[in-house]
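Here the structure comes first, spelled out in C-alpha cells, and everything after it is commentary.
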Amino acid sequence: MKTDSKTSWSAAQSEELYGFPRWGAGHFHANDAGQVTVEPLADGRRIAIKDVIDEAVGTGMRAPFVIRFQDLLRHRVEQLNLAFNRAIEEEDYDGRYRGVFPIKVNQLREVVEEIVDAGAKFEYGLEAGSKPELMIALAMHEGKDRLIICNGYKDPDYIRLALLGRKLGKQIIIVVEQLSEVDHIVELAKETGVEPLIGFRAKLQTRGEGKWATSTGDSAKFGLNTAEILLAAKKLHQAKLTDCVRLLHFHIGSQVPNILTIKNAVVEASRFYCQLVKMGFPMGILDVGGGLGIDYDGSRTNFESSMNYTMVEYASDVVANIRDICVTEGVAMPDITSESGRAVVAPHSLLVVEVFERISKKESLGAKQRPPKKHKVVSDLEALAKSKKALGRLERYHDALQRKEEAFSLFNLGYLDLENRAAAESLFWQICEEIANDDRDTGFIPEELLELTSMLADQYVCNFSVFQSLLDHWALKQLFPIAPLHRLDEEPTVNATLVDITCDSDGKIDTFIDLADTSHVLPLHPLDGKPYYLGVFLTGAYQDIMGDLHNLFGRVNEVHVFLEDDEENGFYIEETLKGSRIRDVINGVQYSHNDLSRRIKKLIDAATKRDEIKPREGVRWLELYENILETKTYLNIEHPPKRKHRKKKS
C-alpha cells in the first residue's frame, strides 16, 4: 500500500536531507509549511523565500533571478569585524583590526554600497586590483581612517590614480607586486610631488591548499621573493622613500580549507614583517590577505569545498600568532588587515531557478516494445528480466550489459531492425532500474553498480545558464548547496541531475553536496505542472560578476530584500533590477539591434515583392522580431491556467 508522502514526510527531514543545519550557518531553515526560510540576522526573524519569489513574480519578474538579502550582507561585515575586535581584546593585542573588502569578489554597486555603509563604524575599507576597481574605490570610499589597498599589476595611470587618492587625504597604500613597480612609484612620486604609502607583497614558501593552491608559493605570479624584497628596500632607501613603507602583504589563495595552513603563513609573514621593521622601515600594518573560507558542503573538514575552522577561530589564530612573533622579536604589534571577500559576500546571495521540463528514461521504461518479429537478443533480455531471484544483481547487470552491447552490434551490422533495438534498450533499462531498487533495499552497492543511480536519474531542465550564473561550478567544480525552496513537507522521490538551457553538454550540475562525500544525484519532487523553484545558495562571491555570455544568455533579474517587522511577511523588496534584454547582449557583441531590424525588414520586403508574404503579414513578422529584441534572454515559461472548479448544482 502506497503511503501519502505529504503525511509521512516532514520538513525537518528535508532540512536534514539537504543539509541546512550543516552549511546554513544558522541563516537557512525549513518551516512546517515546507518552505525554505532565511534568518538574515540570526535573531529569530525569518523570511519565507517563496514569499519573496511570489511578490517578485507579482511585479512582473521571472526566474532566473538573484535574491540579495542585504541585512545578511551587513551582518557578515559586522561578524568579521567583531570577530577580530574580540580576538584583539582576548589576546591583549596592542594593534587594531583594519579590514578591507576586495572589490573583485563582487563589484556590483549595490553590494559595495551596502558594505561601505555597514563597515562605517568599524573603519572598514576597500581593496582594488585594477584601474577600474580603483576608480570605484576612490569614489565610494569614505573616511580618512579607512584603508584603500592597491593590488594587482600597475601601469603609470594606476599609480597616478593612487597618488590622487593621497592628495584627497585617503590612506591609500600601493602594494608592490613586481620589482619593476618600485621604479614607477619613485618616478611618479617625484613627478607629482605626492608622498606615497607603499607596501610589499611577500611571496611566501607556505603554500595554500584547495582549488587555488597553485596560485601560491614559488610559482605564484604575484609577490616578491626574499631577494627582491631586499632590492626593493634598497631602491626606496636610495630614493629617500624609506618612511613610505608601511605594510607587508601576503596571500595564500582563496578558500583555504585548513587552519594549519593559515597559521603557518601568518607565522612566516610575521617574521618578514619584523625583519623589515628592524631594517628601519616604519611599517605599521600586516595584511594577511584573503583565504577565509565558506563551508559550502557543511562537512567542517579540510575538503576543498569546506573549512575545518570558524571565522572566530580564524581571527583568534591570526591575532595570536602575530602577537607571539612580535613579542619574541621585540617589535611593536602592527595593525592587522585582512582581505576577506568570499566569507563576507557569499552567504547573502541566492540564485533562484525554475524547473520547467524533465528528460527521463522512465518514460520509455514503461512502454512495452513488441516487435512484429522478435529477435533472439530481445528474447534473452526478456528472460533475464524475469530471472530476478535466479541470479544475483551483479550477475544480472553483467548479462544485461552483454545483451545490450550485442544488440547495438547487430544493429550496426544490419541484422537488427529499429523495433528490436528499441525493445532491447527498453528491457535493459528496466533491468537496471530493478537492480538499482534492490541496492536501495540492501544498503550495499557493489562498485560496478555505483553509477546506476546517476545513469537512471532524471534530468531536470532549469531556465538558467551555468556559464552565466555558476561559472565556478563549470570551471572549477565548485560545490554549491542546492535545494527546493518549497514542497519540503513532501518526500522527494525523484533522483535528478540539473541541466541548463544552453546548447552545451557541459551546461549541467551533476555533483552535489552529501553528508559522507559527494553525490551525483539530487533528490527532488515530481513535477506537477506548477512552478517548481530550486535555490542555489552561497553564490554571492564571484558568481555575480564572472558570468560568461554563452549562447548570449545575459545577466539575470535581481531582487533586493530587507527585513521589515511592520510588513505582513516580515520583509520588503527595496529594489528590483531587470536582467539583460536580447538587444543588450546583441549590442554587446558588436551588432546593432537597429541594423538587424533593418536587415530583417529588407528580407521581409523582398519576400513581399515575391508574393511569398502578404503586406500585413510582413508587418506582423517585423513587429514580432522587434518586440522580442526587447525581451529577456531567458525562456518565457508559460504555465497552463488554473482550472476553476464549478460548483455542483444542488
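Values in this text are rule-based calculations from the coordinates and carry no lab data. Everything numeric here is computed off the predicted structure, so don't read it as measured data. Don't worry about glycine lacking a Cβ; one is built from the backbone with ideal geometry, like all the others, and counts go over all protein chains shown.
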If you count, for each residue, the other Cβ atoms within 10 Å and average over each peptide, how do 150-157, 123-130 line up from highest to lowest?
123-130, 150-157
What residue among His141, Leu401, Ala320 has its Cα farthest toward the positive end of the dipole of the chain, where the charges are +1 on Lys, Arg and -1 on Asp, Glu, each on the Cβ?
Leu401
Within the stretch 362-434, how many Lys pairs sit with Cα atoms under 16 Å apart, leaving out pairs fewer than 8 places apart on the same chain?
4
Formal net charge of residues neighbouring Pro615 (Cβ-Cβ distance under 12 Å; K, R +1; D, E -1)
0
As straight-line cross-link partners of Lys263, the qualifying aspartates and glutamates (C-alpha separation under 13 Å, not fewer than 8 residues apart within one chain) are Glu209, Glu313, Asp317, Asp324
Less than 10 Å Cβ to Cβ from Val559, Lys/Arg counted +1 and Asp/Glu -1: what total charge do the surrounding residues give?
-3
I'd like the distance between the alpha-carbon centres of the stretch 466-505 and the stretch 50-77, rounded to an integer number of Å.
18 Å
3J(HN,Hα) from dihedral phi, the stretch 44-50, Karplus parametrisation 6.51/-1.76/1.60, rounded to Hz, x for glycine, proline:
x, 7, 10, 10, 7, 5, 5
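Relative contact order of the stretch 482-546, please, whole-number percent, based on alpha carbon pairs below 8 angstrom and at least 6 residues apart.
Averaging sequence separation for qualifying contacts and normalising by length gives 42 percent for the stretch 482-546.
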At what distance in nm do the modelled label points of Ala42 and Asn636 sit from each other, each positioned 7 Å from its Cα along Cα→Cβ?
4.4 nm
Once amide H atoms are built 1.01 Å from N in the peptide plane, which residues 5 or more positions from Ile172, or in another chain, come under 5 Å H to H?
Ile148
Treating only Lys and Arg (+1) and Asp and Glu (-1) as charged, each at its beta carbon, one finds that the chain has a dipole about its Cα centre, in Debye to the nearest 20, of 2080 debye
Charge tally in the Cβ shell below 10 Å around Ser14, where Lys, Arg are +1 and Asp, Glu are -1, Ser14 excluded
-4
In whole Å, what is the distance between the alpha-carbon centres of the stretch 82-114 and the stretch 248-310?
14 Å
Over the chain, the sum of -39500 (n - 2.57) across DSSP H runs of at least four, divided by residue number and rounded to 500 deg cm²/dmol, gives at 222 nm -12500 deg cm²/dmol
7 Å from Cα along Cα→Cβ at both Leu552 and Ala239: what's the point-to-point distance in nm?
4.8 nm
